[in-house]
1. With θ set to phi - 60°, apply the Karplus curve 6.51 cos²θ - 1.76 cosθ + 1.60 along region 146-153 and write out the HN-Hα couplings as whole Hz, x wherever there is a Gly or Pro.
2. Quick one: compute a quarter of the convex hull surface over the Cα atoms of region 160-209 and quote it in nm².
3. Determine, for each peptide in 130-136, 227-233, the mean count of other beta carbons within 10 angstrom over its residues, then list the peptides with the highest first.
4. Using modelled amide H (1.01 Å from N, peptide plane; none on Pro or chain starts), what sits under 5 Å from the amide H of Leu81, excluding residues fewer than 5 places away?
5. Tell me, what ³J(HN,Hα) does each residue in region 193-209 have, in order and in whole Hz, if you take phi through Karplus 6.51 cos²θ - 1.76 cosθ + 1.60 with θ = phi - 60° and put x for Gly and Pro?
6. If region 247-321 were replaced by its equivalent ellipsoid, with semi-axes equal to the square roots of 5 times the Cα gyration tensor eigenvalues, what would those be, largest first, whole Å?
Amino acid sequence: MVRSRRCGAGREWRVRRLPCRRARRRTGVWPLRRWRRRGVRSCGSRRRGRRGPRCPGPPPGRSAPVYGGTTRALMFGGEGLDPVLLRTLAPRLGGVRLINHYGPTETTIGACAHVFDRGSLPDTPTVPIGRPAWNTRAHVVDDQLRPVPPGVAGELVIAGRAVAAGYLGGRGGDRFVDEADLGLADVPGRAYRTGDVVERLDSGALLYLGRRDDQLKVSGHRVELGELRHHVLAVPGVVDAAFEVVRGPVDTLEAFVVPAEPWPDAREFADRVRISLGAVLPSVLVPNEVHVVARLLVDANGKRDVRATRRRLAELARPSR
């Protein structure tokens with residue numbers, strides 16, 4: 001049995017009693033001296049009744065780490081990867097192999113991957129999720145499960161040996177289909193409807209555009225939030241953005257934007273954003289109202305919470321008693 005204790009903020013472990021070598025190999029627990037060779041430091045000692053110091057954070061004023069000297073590969077996953085984020089990190093990613101990984105749990109996690117580096121960042125709403133793995137097939141279909149040509153957005157359907165047999169208890173059965181239903185009877189097998197909207201590029205790579213339930217309709221026009229966010233973040237001075245459709249007799253699209261630096265006149269900054277978007281987007285896709293906020297609030301899952309951000313903005317605008 002291995003007894004261990006967290007140090008300080010919980011970033012590292014100090015092993016108090018180690019198992020035999022065979023158990024180490026099975027559990028992955030090794031002496032701390034081995035981790036020292038990999039750059040992990042001890043957080044102190046409890047010998048002779050002395051309490052070890054807490055794990056220190058980065059020293060004040062220390063520059064951000066450069067990953068090129070210690071990291072060979074950096075993998076991203078779980079959310080659409082924003083090229084704007086990578087451009088801000090680019091000076092620290094020299095010589096690092098970047099991998100954008102995609103795959104829902106129903107397809108045993110791994111399904112597609114796109115390998116690139118800081119010198120090949122795309123000018124697309126998100127970084128492509130790449131091509132399917134060797135034992136996986138990816139299809140882009142419309143609402144009737146018919147394949148769509150490259151360049152047309154559609155739902156991503158994953159097929160192959162890694163697709164799960166279904167959900168426990170038979171729930172969600174409509175998410176699992178047969179490839180024969182896609183007009184691809186020559187390669188029969190299980191397939192999973194991911195609910196993700198993608199587009200197949202000319203290179204054959206898949207471009208993630210968002211979720212089907214994230215698609216908004218404003219006055220009968222469909223709005224792709226991923227593409228809209230890409231254009232908003234291209235406006236100089238904008239570092240983050242979120243959107244909401246306000247339903248009413250006439251639906252309106254509203255945007256919440258975060259400026260890179262505090263802006264003395266929020267209305268002037270909002271007008272600049274609308275003018276910039278009006279030059280590249282149809283008028284129906286330009287937000288009717290742009291709210292300038294210091295930051296976007298997030299929920300317990302780390303997702304942008306537009307409603308909470310709106311409430312916070314209203315509280316700040318309310319005159320104090």
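1. Along region 146-153, the couplings run 9, x, 10, x, x, x, 10, 6 Hz.
2. Working: hull surface 17.9 nm².
For region 160-209, the mean projected area of the Cα convex hull comes to 4.5 nm².
3. On the way: 130-136: 16.7, 227-233: 19.7.
The most tightly packed comes first, giving 227-233, 130-136.
4. HN-HN under 5 Å from Leu81: Val127.
5. Once rounded to whole Hz, the list reads 7, 6, x, 8, 8, 9, 9, 8, 7, 4, 6, x, 6, 9, 10, 7, 10.
6. Values: eigenvalues 95, 56, 39 Å².
Semi-axis lengths for region 247-321 are 22, 17, 14 Å.
Laboratory data are not the source of any read-out in this text; all were calculated from the coordinates shown. Everything numeric in this text was worked out from a predicted model, so none of it was measured. Positions of Cβ are generated from backbone atoms using ideal geometry, with glycine treated the same way; all protein chains shown enter the neighbour counts.
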